[in-house]
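J.: Shown below is the structure under consideration.
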Amino acid sequence: MNLLHDLFDVSAERFPNNEALRSRGNTITYADLQRRSHSLASALRSQGVGRGDRVAVYLQNRAVVIEAALACSRLGAIFVPVNPLLKARQLEYVLNDAGAVALIASQTAAVVVEDSIPRCPTIATVVWCDAPQAGSAALRYDQLVAGQARVQSPAIDNDPAALLYTSGSTGRPKGVVVSHRNLVAGALTVSGYLKNTSSDRVLVALPLSFDYGLSQVTTAFAVGACAVLTNFSLPAALLQDMVTERITALAGVPTMWMHLAAAEWPETVVKSLRYITNSGGALPVSVIKNLQARLPNTQVFCMYGLTEAFRSTYLEPAQLEQHLGSIGKAIPGQEILVLDADGNECEPGEVGELEHRGSLVTLGYWNDTELTRQRFRPLPKRLSQLTRDETAVWSGDLVKTDAEGFLYFIGRRDNLIKSSGYRISPTEIEEAIAELPSIVESAAVGLPDDSLGQRVVVAVVVATDAPADIAERIRHHCRMQLPAYMAPAEVHVMKQLPRNPNGKCDRGALAATLAESSEHSHTIRAAGRG
């Protein structure tokens with residue numbers, strides 16, 4: 001079981017009649033999905049797509065995305081899922097950076113696609129999931145998956161399987177090259193510690209262009225379970241999906257959990273939901289406690305991962321109470337080190353950069369040798385007994401361990417606020433704010449300040465019943481709970497925080513917005529630091 005489609009095919013042979021995917025009210029069994037992905041692979045091959053070619057998929061969560069991923073695996077091609085929230089300029093960048101030769105898209109995005117394609121010279125084939133317009137040279141997807149052909153893959157396990165674009169706070173998106181080995185090892189490992197079985201029904205609400213979203217499908221496929229595809233919108237709609245689909249597993253990011261923690265969970269979901277997982281950022285302790293209260297029979301897995309290493313750590317639910325706020329320890333088969341600026345292992349309580357070594361470390365960044373060299377590099381010799389260099393990935397995330405080796409997330413190295421000579425983690429401020437009622441979400445950033453270097457500025461989203469003086473209450477609470485140098489100089493109440501395509505808070509865009517103006521309805525400026 002070395003290639004992505006091998007992972008799927010093993011389950012398809014064992015459970016041919018099991019539901020593999022549920023999407024838009026439709027069911028695709030393992031046998032159906034196996035046939036359709038072979039047919040799509042054959043059709044793409046007839047269009048000249050071969051080993052190493054990039055096939056882009058610009059769609060919301062739906063079965064076509066997964067069929068394309070499996071078809072690419074069978075061809076030895078590289079699957080490039082593109083976040084459907086991207087606009088024409090961003091889509092054009094990804095297609096050109098990847099050198100994609102084919103694009104699968106929906107007619108609903110025709111305006112964006114047709115605006116981009118003329119400036120994407122490598123695109124030779126466009127496939128519409130819906131009927132193309134009259135006179136269009138594009139292919140119809142339903143015709144491509146109707147055949148019975150079978151395809152033998154030329155790929156090996158260390159070949160690229162996917163190109164996942166991640167968005168940073170600045171600059172262009174980066175394409176992370178993920179191998180077949182990464183995807184298969186990750187799926188088997190995660191499904192093992194989550195104890196997934198063929199009876200699980202996993203709701204996939206995160207974008208499939210996001211490694212955490214895609215891994216929900218591969219984890220389900222590893223055991224013959226059903227992946228139910230949806231697109232997260234409002235908590236009420238998501239909870240209704242969970243009722244309708246009898247969901248047993250749900251993955252989310254902190255923003256999603258903050259909204260769901262305030263929702264009323266239907267009793268049927270409370271009874272059926274076996275576990276939930278969090279990744280993509282630290283989950284405030286207050287949110288964890290709220291979720292535990294609402295879901296007394298559900299296991300809560302706090303995890304940490306980065307696209308460059310797929311999944312790195314998890315906290316066993318049994319350890320949650322004793323280590324609230326921890327992201328756990330290394331997942332099975334991987335090693336996590338915490339290193340200082342000189343490459344030395346940090347002592348417990350000492351903050352350092354998280355470094356990941358093992359089979360989940362990806363192949364680097366597409367078309368960016370310099371950035372790959374900076375982030376993917378050999379371990380210091382004193383930390384490795386190997387006679388040859390082994391590539392590990394430096395995460396850019398700051399963490400610390402406690403005396404028992406449990407890891408705690410501090411923040412992004414490039415998100416640290418430097419004020420009055422102190423290095424301040426935004427996460428610590430945000431966790432303090434989350435302790436207050438009426439807080440839906442918060443983000444702390446540093447803005448330039450002549451005397452302090454940077455001043456701490458906080459943006460919050462609050463519930464509709466929040467008191468009128470919520471901004472002042474936040475400042476008072478922070479002054480009581482945090483050192484004076486960490487207390488916000490300003491608190492802005494906003495309707496929503498800006499997001500990057502993966503749904504995370506775009507701190508760069510937020511800082512720019514807050515620096516430009518004070519047009520938001522409530523701004524409290526600190527008269528002093530005490």
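J.: Looking at the chain only, what percent of DSSP beta bridges run antiparallel? Nearest 5 please.
T.: Close to 60 percent.
J.: Is region 239-336 best put as rounded, prolate or oblate by its Cα gyration tensor, with a ≥ b ≥ c the root eigenvalues, rounded for a/c under 1.5, and otherwise prolate when a/b is larger than b/c, oblate when not?
T.: Here region 239-336 falls in the prolate category.
J.: Within 12 Å, Cβ to Cβ, of ALA138, how many net charges do the neighbouring residues add up to if Lys/Arg are +1 and Asp/Glu are -1?
T.: Every neighbour counted, the sum reads -1.
J.: Which cross-chain or sequence-distant (5 or more) residues have an amide H under 5 Å from the amide H of THR29, H modelled 1.01 Å from N in plane?
T.: When sequence neighbours closer than 5 places are left aside, the close amide H contacts are ALA20.
J.: Using alpha carbon coordinates only, what is the Rg to Rh ratio of region 326-412, with Rh defined as the Kirkwood radius?
T.: Ratio value, two decimals: 0.96.
J.: With θ taken as phi - 60° and the coefficients 6.51, -1.76 and 1.60, list the Karplus ³J(HN,Hα) couplings across region 315-323 in order, rounded to whole Hz; mark glycine and proline as x.
T.: Calculated HN-Hα couplings, in order: 10, 4, x, 5, 9, 4, 5, 6, 9 Hz.
J.: Mean separation of Cα pairs under 8 Å and 6+ residues apart, divided by the residue count of region 326-412: what relative contact order is that in percent?
T.: Contact order relative to length: 35 percent.
J.: If you don't mind, there's one more thing I want to ask. Apply the Karplus curve 6.51 cos²θ - 1.76 cosθ + 1.60, θ = phi - 60°, to the phi angles in region 84-95 and return the couplings in whole Hz, x for Gly and Pro.
T.: Residue by residue, region 84-95 yields x, 7, 5, 8, 4, 4, 6, 4, 4, 4, 4, 4 Hz.
J.: Now, a different point. Express as a percent, rounded to the nearest 5, the fraction of DSSP beta bridges in region 1-131 (both residues included) that run antiparallel.
T.: 25
J.: Hey, what did region 65-137 get for relative contact order, percent, Cα under 8 Å, at least 6 apart?
T.: Relative contact order of region 65-137: 29 percent.
J.: Determine, for LEU40, LEU295, the number of other Cβ atoms within 10 Å of each Cβ, and report the residues in order from fewest to most.
T.: With the sparsest Cβ surroundings first, the list reads LEU295, LEU40.
J.: If the only charges are +1 at each Lys and Arg Cβ and -1 at each Asp and Glu Cβ, what is the size of the charge dipole of region 199-344 around the Cα centre, to the nearest 20 debye?
T.: That gives a dipole near 440 debye.
J.: Across 10 Å bins from 0, what is the distribution of all Cα-Cα pair distances for region 386-513, in whole percents?
T.: Taking all Cα pairs of region 386-513, the binned fractions are 11, 39, 32, 12, 4, 1, 0 percent.
J.: Mind listing the long-range amide H neighbours of GLY224? Cut-off is under 5 Å, sequence gap 5 or more, other chains count too, H placed in the peptide plane at 1.01 Å from N.
T.: Long-range HN contacts for GLY224: none found.
J.: Out of ASN290, VAL112, PRO380, whose Cα points farthest toward the positive end of the dipole of the chain (charges: +1 Lys, Arg; -1 Asp, Glu; placed on Cβ)?
T.: So the residue furthest toward the plus end is VAL112.
J.: With θ set to phi - 60° and the Karplus curve 6.51 cos²θ - 1.76 cosθ + 1.60, what are the ³J(HN,Hα) couplings of region 473-485 in order, to the nearest whole Hz, using x for Gly and Pro?
T.: Once θ is set to phi - 60°, the couplings for region 473-485 become 4, 5, 4, 5, 4, 5, 5, 6, 9, 10, x, 4, 6 Hz.
J.: What are the residues whose amide H is under 5 Å from the amide H of VAL493, where those residues sit 5 or more places off or on another chain and H is modelled from the backbone?
T.: Amide H neighbours of VAL493, under 5 Å, 5+ apart: VAL460, HIS522.
J.: Return the Cα extents of the chain along principal axes one, two and three, sorted largest first, each rounded to a whole Å.
T.: The Cα atoms of the chain stretch 72, 57, 49 Å along the principal axes, largest first.
J.: Any chance you could give the angle, 0 to 90 degrees and rounded to 10, that helix 63-75 forms with the longest Cα principal axis of the chain?
T.: 60
J.: Past 24 Å, Cα to Cα, is the threshold; run LYS87/LYS418; LYS174/LYS195; LYS195/LYS400; LYS271/LYS495; LYS174/LYS495; LYS87/LYS174 against it and keep the listed order.
T.: Going by Cα-Cα distance, LYS87/LYS418; LYS174/LYS195; LYS195/LYS400; LYS271/LYS495; LYS174/LYS495 fall outside the 24 Å limit.
J.: Turning to a different aspect of this structure: Under 8 Å for C-alpha pairs, at least 6 residues apart: give me the relative contact order for the chain, rounded to a whole percent.
T.: Dividing the mean separation by the residue count of the chain yields 10 percent.
J.: Within the set of other residues whose C-beta is less than 14 Å from the C-beta of ASN2, count the net charge using Lys and Arg as +1 and Asp and Glu as -1.
T.: Value of the local net charge: -2.
Any read-out appearing in this document is the output of simple, stated calculations on the displayed coordinates, not a laboratory observation. Quick caveat: nothing in here was measured; it's all calculated off a predicted structure. All Cβ positions, even for glycine, are placed from backbone atoms using ideal geometry, and neighbour counts span all protein chains on display.
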